[in-house]
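Notes follow once the structure below has been shown.
The values are calculated or read from the model by the stated rules, or taken from the named source; none is laboratory data. Note that this is a predicted model, so its numbers are computed, not measured. Because the Cβ atoms are built from the backbone with ideal geometry, glycine has one as well, and the counts that use them run over all protein chains shown. Calculation scope for accessible area: heavy atoms of the full protein, side chains included, ligands and nucleic acids excluded. Shrake-Rupley method; radii C 1.70, N 1.55, O 1.52, S 1.80 Å.
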Amino acid sequence: MKRRATTLAAAFLIASLGATMEGAATLPTGFQDVTVFTGLTHPTAVRFARDGRVFVAEKSGVIKVFPTLLSTTPTIFADLSSEVDDYWDRGLLGLELHPDFPTTPYVYVLYSYDFDPVSGTGPPAWGDNCPSPPGATTNGCTISARLSRLTANGNQMTGTEKVLLESWGQQFPSHSIGDLLFGPDGALYVSGGEGASFNNVDYGQYGSPRNPLGDPPSGKGGTQAPPTAEGGALRSQSLLRAEGGPALPSGAVIRLDSSDVLSNDPLAGSGVEIAQRIVAYGLRNPFRFTIQPDTGSVWIGDVGWTKWEEINRIADPQSGHQNFGWPCYEGGDPEPAYAGANLAICNNLYAEPGSTVSPYFSYSHSNKVIPGEACPTGSSSVTGLAFYGGGGYPASYGGALFFGDYSRRCIWVMFADATGQPDPSQILNFVTGAATPVDLEIEPNSGDLFYVDLGGGTVRRVQYFAPTAVATASPTSGGTPLTVHFDGSGSLKARPTDTLSYAWDLDGDGNFNDSTAVKPTFTYTTAGSYRVRLRVTDNHGISNVSDPVTISAGNSLPTAFIDTPSPSLTWRVGDTISFSGHATDPQEGDLPASALTWNVLLHHCPSTCHVHPIQTIPGVASGSFAAPDHEYPSWLELQLTATDSAQLTSSQSALIYPQTTTLTYQSSPTGLVLVSGTRISATPFTDTVIVGSQKTIVAASPQTSGGIPYG
């Protein structure tokens, strides 16, 4: 059997970021999914201070603080956007408060740092972009990543950012850094991905220059080849390198003690010191983890590649480090594509059974988590974990582990067994049709589960036996006098026997004293923008406030127009796609370029569809971006949003489809198995791919056909 290599098209991304969802969420009887904060831009993490304040991180690098859970307007605590590489799955992804906050006024952040370690340039090195060449998913735009400490003075950052650690080399735009949490031992735990390709088997053979992060044995610019290669995804196995280092926090969870996170001196970055801090490695993308309150054990959600999502457990993080096997293992089994690549690090692990730790729980991308459930299969990404510690939920939830999947748009609960540990045989759908969850957290006062909705720009709360207020309005804009018809009949009861009372704030003054009708009408005679909300209260005295409806009196919506590209345009990987557009407003006429914002989205539909926000380009009437490498079927959406001076918006989208070709795979003799990208099939088989992208083809050796071994 022959092994062939070619540069064609396809990429597979089980990502932690970027989907959208439609429809209302479904929860167990008595629970409600309630929106707490709205108007956020790609929020990624939420943390709760003991004094009632709520901190929310946005992917771009902005941190906002809400005074209370009832607040509607946040203050910008810090803006790190000039330091953050906000591109694909990169950005400000980790946020944590010191356990004694605000007495110890420290806020910790973990983000993709827009600094290129190859050229030594930045920030910005890439400016929230990656041109082609090198191509975001072809050879990658290398960055670092950064753990920093910020100091709070009230609701604003004071002084300068204290950088604690910069040790995560990232080549490709996924598997970036992840999460950070303080444990009950007072230590700060930090996770990071291996920064490798999601298209193909990656052992360090990509890059411009090759092997740009200088992984052994070839070093920067050198050619990596099996069996000795130790780069790419093998960075997650850096503790097993043949020459003993350097050890990396990539694909790992590290533990920093109190002297590390309080010191005025940055942490040293030598391999020896990193090795001493690693508590878990062999992880692909440990995007989120949680810590069990009573035991201090660390539970890691590792976003998978082609087949498995994992929840991994470190029972005692101070008793040494554990190897969870990636990329040699996934889901507890040898990963077929990497197993077929003849890599010495993997071969050594295969030769020593028990050298890696199997997942505590895993689920296949092709299977339901619970048989017969409504949550879809296909695209999968475990993107949040949280332990329930007590509060208003039923007693059966005590000690339970919540876990969420962004791509499937679902949250499950794994109930505890008699020993107090989560039991994989006792899993229940908790939120089906969740709003793109990327972080699960327990609010300390109520004990309720909160989750962050990346795609919708909200923070959600799951309450027990609480009503849900829903307000709609028509029309929402127009000249004065403007008569608007409101409707609160879509509000939901927590129990079928409950009754609801209604209170409206129709003039936007913050007081719910304008109407008690279910469907009031209000006429606005003064031009302006009004935030209308509805409060519903059940017969048990439990209230809920709706998302605000913005009424713009004396003003009408602007209209956005995409002038180019043409609807007939198709693209190949690496093509430069130019765009241009304009907007008009009934009151203001032609809007300036500063009123325009472009978003580049990639729709990926291997089975269920999800969306990756690739790039945001604000304040220009024209520009360009590079067409990415990705698995087919996928296509691009170019979205133009116009915003007038009254903050009214409208959008227009253009769908841009790729050029494709069909590959046919053969072997001699026929019927032997090839690995192409993420597909594993016996020949002959065909595959539709996007023109111009890369595929790595692996022929596992040896194989047997008709009793004859082939190599």
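Numbers for the structure displayed
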item: Yes/no for Ala595 being of a type in the set (Gly, Ala, Ser), crowded, with 19+ Cβ neighbours inside 10 Å and closer than 16 Å to Gly135 by Cα; result: no
item: Any hit, region 361-374, residues being within 25 Å of the chain's Cα centre (by Cα), within 23 Å of Gly231 (Cβ to Cβ) and assigned to a strand (DSSP E or B); result: no
item: Selected residue (criterion: farthest from the chain's Cα centre (by Cα)) from residues of region 417-440 that are of a type in the set (A, V, I, L, M, F, W, C) and crowded, with 20+ Cβ neighbours inside 10 Å; result: Ile427
item: Set Thr223, Thr228: member being open to solvent by 10 Å² or more (accessible area, probe 1.4 Å) and touching a Pro at 6+ places or on another chain (Cβ under 6 Å); result: Thr228
item: Of residues in region 29-42 being out of contact with any Ser or Thr (no Cβ under 9 Å at 6 or more places or on another chain) and touching a residue at least 60 places away in the same chain (Cβ under 8 Å), the one surrounded by the most Cβ atoms within 10 Å (Cβ to Cβ); result: Phe31
item: Of residues in region 258-278 being part of a loop (DSSP other than H, G, I, E, B) and open to solvent by less than 60 Å² (accessible area, probe 1.4 Å), the one modelled with the highest pLDDT; result: Ser263
item: Qualifying residue in region 680-690 (condition: without any contact (Cβ under 8 Å) to a residue 40 or more places away in the chain and of a type in the set (Gly, Ala, Ser)); result: yes
item: Residue selected from region 144-170 under the condition over 18 Å from Ala57 (Cβ atoms) and not in a strand (DSSP E or B), by the criterion most open to solvent (accessible area, probe 1.4 Å); result: Glu166
item: Where a residue in region 246-262 is more than 18 Å from Asp179 (Cβ to Cβ) and its partner, wherever it lies, is crowded, with 20+ Cβ neighbours inside 10 Å and β-branched (Val, Ile, Thr), with Cβ under 6 Å and at least six apart; result: Ala247/Ile274
item: Residue under evaluation Asn348, criteria (1) open to solvent by 10 Å² or more (accessible area, probe 1.4 Å); (2) over 27 Å from Gln703 (Cβ atoms), criterion not met; result: (2)
item: Test result for Ala252, small (Gly, Ala, Ser), touching a strand residue (DSSP E or B) at 6+ places or on another chain (Cβ under 6 Å) and at pLDDT 95 or above; result: yes
item: Residue satisfying all of: in region 509-540; of a type in the set (Gly, Ala, Ser) and part of a loop (DSSP other than H, G, I, E, B); nearest to the chain's Cα centre (by Cα) among these; result: Gly510
item: Near pairs, Cβ below 7 angstrom, 6+ apart or cross-chain, from region 49-67 (in contact (Cβ under 8 Å) with a residue 24 or more places away in the chain) to any residue that is open to solvent by less than 20 Å² (accessible area, probe 1.4 Å) and among the polar types (S, T, N, Q); result: Ala57/Thr44; Glu58/Thr44; Lys59/Thr44
item: Strands (runs of 3 or more DSSP E) contained in region 394-448 and holding at least 2 residues aliphatic (A, V, I, L, M); result: 410-416, 422-432, 437-442
item: Criterion violated by Ala341 - all others in (1) assigned to a strand (DSSP E or B); (2) touching a residue at least 24 places away in the same chain (Cβ under 8 Å); (3) not basic (Lys, Arg) satisfied; result: (1)
item: Some residue of region 302-320 being in a helix (DSSP H, G or I), open to solvent by 10 Å² or more (accessible area, probe 1.4 Å) and under 26 Å from Ser176 (Cβ atoms); result: no
item: Among (1) assigned to a strand (DSSP E or B); (2) closer than 18 Å to Leu165 by Cβ; (3) among the charged types (D, E, K, R), the one test that Lys64 misses; result: (2)
item: Qualifying positions in region 109-139 - open to solvent by less than 10 Å² (accessible area, probe 1.4 Å) and in a loop (DSSP other than H, G, I, E, B); result: Asp114, Cys130
item: Breaking point among (1) more than 28 Å from the chain's Cα centre (by Cα); (2) open to solvent by less than 20 Å² (accessible area, probe 1.4 Å); (3) aromatic (Phe, Trp, Tyr), for Phe579; result: (1)
item: Residues of region 476-489 satisfying the condition of being open to solvent by 40 Å² or more (accessible area, probe 1.4 Å) and either free of Cβ contacts under 8 Å to residues at least 40 places away in the same chain or outside any loop (DSSP other than H, G, I, E, B) (or both); result: Thr483, His485, Asp487, Ser489
item: For Gly391: the one exception among (1) of a type outside the set (S, T, N, Q); (2) under 30 Å from Thr649 (Cα atoms); (3) assigned to a loop (DSSP other than H, G, I, E, B); (4) without any contact (Cβ under 8 Å) to a residue 60 or more places away in the chain; result: (2)
item: Criterion: on the phi < 0 side of the Ramachandran plot, assigned to a loop (DSSP other than H, G, I, E, B) and open to solvent by less than 40 Å² (accessible area, probe 1.4 Å) - qualifying residue of Ala494, Ala503, Ala473; result: Ala494
item: Among (1) part of a strand (DSSP E or B); (2) within 25 Å of Ser258 (Cβ to Cβ), the one test that Pro99 misses; result: (1)
item: When residues of region 674-686 are limited to those that are open to solvent by less than 30 Å² (accessible area, probe 1.4 Å) and under 23 Å from Thr138 (Cβ atoms), the one modelled with the highest pLDDT; result: Leu674
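A quick yes/no check of all residues on (1) surrounded by fewer than 20 Cβ atoms within 10 Å (Cβ to Cβ); (2) of a type outside the set (Asp, Glu); (3) modelled with pLDDT under 95; (4) in contact with a helix residue (DSSP H, G or I) (Cβ under 7 Å, 6 or more places away or on another chain):
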residue	(1), (2), (3), (4)
Thr44	no, yes, no, no
Glu58	no, no, no, no
Lys64	no, yes, no, no
Thr68	yes, yes, no, no
